[in-house]
Amino acid sequence: RHRYYNPDIGRYLTPDPVRLAGGINAYQYVPNPTGWVDPLGLSSCPGADGCKPQSTIESPTKQIKVDERSPSAPTSHRKRSYLYRGDLREPDEIFEDGFESRGSSTDLFLHSLNNASPPSNFVPTSTSRKQALVFASGYGFEEGFLYTLKRIPGRDVNKELGARSKHKNEMEIAIPERIDTKDILGASPVNEDGTFKGYTILNPNREYP
């Protein structure tokens, strides 16, 4: 498309039909590159495309970054572990006083054989609820209670005694001296055959984890 040009002012009289694609000055005449000079020699213009303006804007597609690592599988909350103790005594008594050891003997081997002779300084508990139910039912002859306890520090009988442990199936954790009432979470009534009656009595004195 033809445009009118005014040589006196060196400008077109009509705007560039391509609008801003030709530059921000729509009336400017095409510059003459033969008149471009660098008298101070400050501009560098290497060969090839060195004189062409270089865009400093990185392509949007190159800015996209992808995390190529494999996603980790979701994990559940850490499962809490408990100790258990089967006992024939009523919860009212246990929730009030806790569990007391029988005596002062600290011999773990003798305790594992018979905690009554000599009177042991340890209170027997188990990591196995199934095994604790055996004691809760008086070996299948009485009704009793399964007490659930917090995982308080104690001595792992099987681990410490090794081959000398005579009752490995009991999975006993021997608690020194006593078990405080705040560490007893609750009691579940148990029938003679070791089955649950169907409810649990919470300890009002328990300390929340």
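The values are calculated or read from the model by the stated rules, or taken from the named source; none is laboratory data. These numbers were taken from a predicted model, which means no experiment stands behind them. Using ideal geometry, Cβ is built from the backbone for each residue, glycine included, and neighbour counts are taken over all protein chains shown.
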**Residues of the range 163-198 that turn out to be surrounded by fewer than 17 Cβ atoms within 10 Å (Cβ to Cβ), among the small types (G, A, S) and within 34 Å of the chain's Cα centre (by Cα), as a count** = 1
**Complete:** Taking the range 174-196 and keeping residues among the hydroxyl-bearing types (S, T, Y) and more than 23 Å from S104 (Cα to Cα) leaves S188, T195
**Prompt:** Taking the stated definitions as given, is Y29 surrounded by 10 or more Cβ atoms within 10 Å (Cβ to Cβ), in contact with a strand residue (DSSP E or B) (Cβ under 9 Å, 6 or more places away or on another chain) and at pLDDT below 75?
**Reply:** yes
**Request:** Determine whether G144 is in contact with a strand residue (DSSP E or B) (Cβ under 7 Å, 6 or more places away or on another chain), closer than 18 Å to I94 by Cβ and at pLDDT 95 or above.
**Result:** yes
